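Structure record follows, encoded as structure tokens.
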Ligand SMILES: Cc1ncc(C[n+]2csc(CCOP(=O)(O)OP(=O)(O)O)c2C)c(N)n1
């Protein structure tokens, strides 16, 4: 017989878990006690929300569920924002929370929170474990549910007495959930219709979303587009699905996207959406899509199809599978007129490198930064103006662009970068954030130092909550309220207090040299860039 | 012990999830949960059957009473209520078995409502215990599928 806590650790090991991001407390003490004897590495974060974000960054790079763990009550509620963030972006997580003893449930005892209830809208599924015998099966199911179909966070709430119960451990068999059988392969009839529609179209266009990464279909997407000669635009979550410098890539679409990408959408006669939700941010108005545009929508989640745009050919399945199926069917190669037109428009776009009277030029800066970083670097963008500057101007060649697209959660970048770096220590990982968001997650510098995580941090300092200030300027007659960050500390001094080398620049003249110094430095480095508070997003 | 709770609630979205949430918090499984409109369109009637410790149920009841949307709620004692369950049951009916199934059905007050060459569908309206017994009686023939409503109850 072993204890429930032993069974949890053993089950996690069986799932191949190598790292857990967490924060302890009384109701997870039995589990921590056993975890200390396991090979699984525990990363102590400085706030539970960041355990979830770090697990998310880890999952996105590792292509398997990230695991985070907190105590009951406030530990669990602190995790909710991270669960919501992962849920909106379909990131697989397994979150384990401690819970008060099961015989006390519902009595509002110390540090009890109904977390399965509170997190219900933000989880793909959740479990409240009532008996230790169920643990091996539940943990196996949780990893299965989190990582298959449309991925998402799964919560396992485990009362402290269940962690101490004894059980006879048996390895669970194959997961077989009657109500849960995601469709992977595309329907053969629909594949034929796709090919026919492509053959009949003059200006086909692919719109790639985050689903490309979930399906690990970057290679297939590139092959497919090149084989048939179809240009590509992406949503923010789809940035990097094909290299941003690829001749067929026309840029990110949407409210903050490139004009040519948006124009391409309205001119195309066949839009092939792959793993993209096309939310309000992505397509300003569905009216932006041309009246005669036919839409093929490929998604693993049937509930997404037709949600925001009406669809001509719906195809449910895994993007990787479906692209492979379409490629093996007969499809003609398209002429180069339409891709050529977009290519020549794209070649005329000049990234804004103009010097500013005050501070650096953030658009040119992020372009320069991502250009100087290794080809396969991982770029974590936070939320705010800095996210828009990054999304529109950075170069993702063979690496990844990680950001909180659906929820727009400030404070995502640094913990996500920590997770990404631990998932792939050979990659250079950079987090770019505003001075507002930095003050939401700067405590994680402690985590970085404690665990020797080597990431590069760039803080765009405008002393304002820039994006909100911009909204107030444009839509509220410049009535600036509650966006001034006066009182903020000297950020380089904060970094130095942690022993992290830091530097501040306020001119593009030194940008290249400062970036080079940051890249050269072995270990974490923080670069503060002064930005004019009136710099606009677009 | 088994409890039959009868609640009069506001007829608004979200009521059922608030009510069921209080049971979920305790880790209780609800046996049956029926909601329907009433003589007054502003209100709905929920009839909930749940197994649980008497003290805990009493506590959940007082927490439920606090909810804005609950007009009244009561744990009805078996002797002071009438209650019924509706059952549809699809039973395998080989030619050789048909007559015997119909005889048994008659004896249990169940009606044949559909027939095909392979099966019969029966309908019965009775107390929960008698419906459970009935299901046992039909098991030997082979039950293809069954569906029943939860308990609907009214105070005498
Ligand atoms: C957790 C959270 N709170 C509030 C917001 C609303 N919000 C969006 S952008 C923004 C300003 C961000 O300021 P900063 O981090 O300094 O970046 P900047 O816009 O200046 O680049 C705010 C407050 C949010 N997205 N997330």
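Quick note: the coordinates plus some simple rules give every number you see, no bench work behind them. Fair warning: this is a prediction, and the values are worked out from it, not measured in the lab. Cβ placement follows ideal geometry from the backbone for every residue including glycine, while neighbour counts extend to all protein chains displayed.
Do you know the relative contact order of the stretch A:26-126, to the nearest whole percent, from alpha carbon pairs under 8 angstrom that are 6+ apart?
On the way: 130 pairs, mean separation 29.5, N = 101.
Across the stretch A:26-126, relative contact order equals 29 percent.
Classify the stretch A:188-347 as rounded, prolate or oblate, taking a ≥ b ≥ c as the square roots of the eigenvalues of its Cα gyration tensor: rounded when a/c is under 1.5, otherwise prolate if a/b is larger than b/c and oblate if not. Numbers along the way, then the final one.
Details: a/c = 1.26, a/b = 1.09, b/c = 1.16.
Rounded.
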_For the stretch A:467-534 and the stretch A:411-459, what is the centre-to-centre distance using only Cα atoms, to the nearest Å?_
15 Å
*Looking only at B:125, B:64, B:99, which one moves most when chain B is put into a Gaussian network model with springs between Cα atoms under 10 Å?*
B:99
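Cα gyration tensor of the stretch A:2-164, axes a ≥ b ≥ c as square roots of the eigenvalues: rounded (a/c below 1.5), prolate (a/b > b/c) or oblate? Walk me through the intermediate numbers first.
Details: a/c = 1.41, a/b = 1.18, b/c = 1.19.
Judged from the Cα gyration tensor, the stretch A:2-164 comes out rounded (a/c under 1.5).
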*Förster radius 30 Å - calculated FRET efficiency between residue A:130 and residue A:176 (Cβ-Cβ, nearest 0.05)*: 0.90
_Ascending count of other beta-carbon atoms within 10 Å, so fewest first, for A:170, A:81_ = A:170, A:81
*asked:* Only bridges whose two residues both fall in the protein assembly as shown count here: according to DSSP, what percent of them are antiparallel, nearest 5?
replied: 40 percent
_Relative contact order %, the stretch A:188-347, counting alpha carbon pairs below 8 Å whose residues are six or more apart_ = 30 percent
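When N is the residue count of the stretch A:362-530, what does its C-alpha Rg come to as a fraction of 2.2 N^0.38 Å? Intermediate values should be presented prior to the final figure.
On the way: Rg = 15.2 Å, N = 169, 2.2 N^0.38 = 15.5 Å.
My calculation over the Cα atoms of the stretch A:362-530 gives 0.98.
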_Separation of alpha-carbon centers, the stretch A:362-399 and the stretch A:38-53, rounded to whole Å_ = 26 Å
_Once you keep just the Cα pairs under 8 angstrom separated by 6 or more residues, what percentage relative contact order results for chain A?_
13 percent
*Name the residue, out of B:55, B:121, B:70, whose mean-square fluctuation peaks in a Gaussian network model built on chain B with Cα pairs under 10 Å.*
B:55
*Could you let me know the centre-to-centre spacing of the stretch B:101-146 and the stretch A:177-239, using Cα atoms, in angstrom?*
51 Å
*If you count, for every residue in A:97-110, the Cβ atoms of partner chains within 10 Å of its Cβ, what is the mean?*
2
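Ranking A:363, A:185, B:66 by Cβ neighbours within 10 Å, fewest first, what do you get?
Details: A:363 22, A:185 13, B:66 8.
Exposure proxy ranking, most exposed first: B:66, A:185, A:363.
What FRET efficiency do you get for residue A:104 and residue A:493 if R0 is 51 Å and r is their Cβ-Cβ distance, rounded to the nearest 0.05? Write out the running numbers ahead of the final one.
Numbers: r = 46 Å, r/R0 = 0.91.
Calculated transfer efficiency: 0.65.
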*For the residue pair residue A:482 and residue B:16, what label-to-label distance in nm results when each label sits 7 Å from Cα along the Cα-to-beta-carbon direction?*
3.7 nm
*Treating the angle as unsigned and between 0 and 90°, give the value, to the nearest 10°, between the Cα long axis of helix B:128-138 and the longest Cα principal axis of chain B.*
30 degrees
*Share of antiparallel DSSP beta bridges in the stretch A:362-530, in percent to the nearest 5?*
5 percent
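Quickly estimate the mean residue ellipticity at 222 nm for the protein assembly as shown, helices only: each DSSP H run with n ≥ 4 gives -39500 (n - 2.57), and the total goes over all residues, rounded to 500. Before the final figure, lay out the partial values.
Numbers: 25 runs with 249 residues, N = 694.
Estimated from H runs of four or more residues: -10500 deg cm²/dmol.
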*Would you list B:119, A:249 from fewest to most Cβ contacts within 10 Å?*
B:119, A:249
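By the gyration tensor of its Cα atoms, with a ≥ b ≥ c the square roots of the eigenvalues, what is the shape of chain A: rounded for a/c under 1.5, prolate for a/b over b/c, or oblate? Can you show the working numbers first?
Numbers: a/c = 1.95, a/b = 1.18, b/c = 1.65.
Oblate, since a/c reaches 1.5 and b/c is not below a/b.
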*Pick from B:132, B:17, B:72: which residue has the top mean-square fluctuation in a GNM of chain B where Cα pairs under 10 Å get a spring?*
B:17
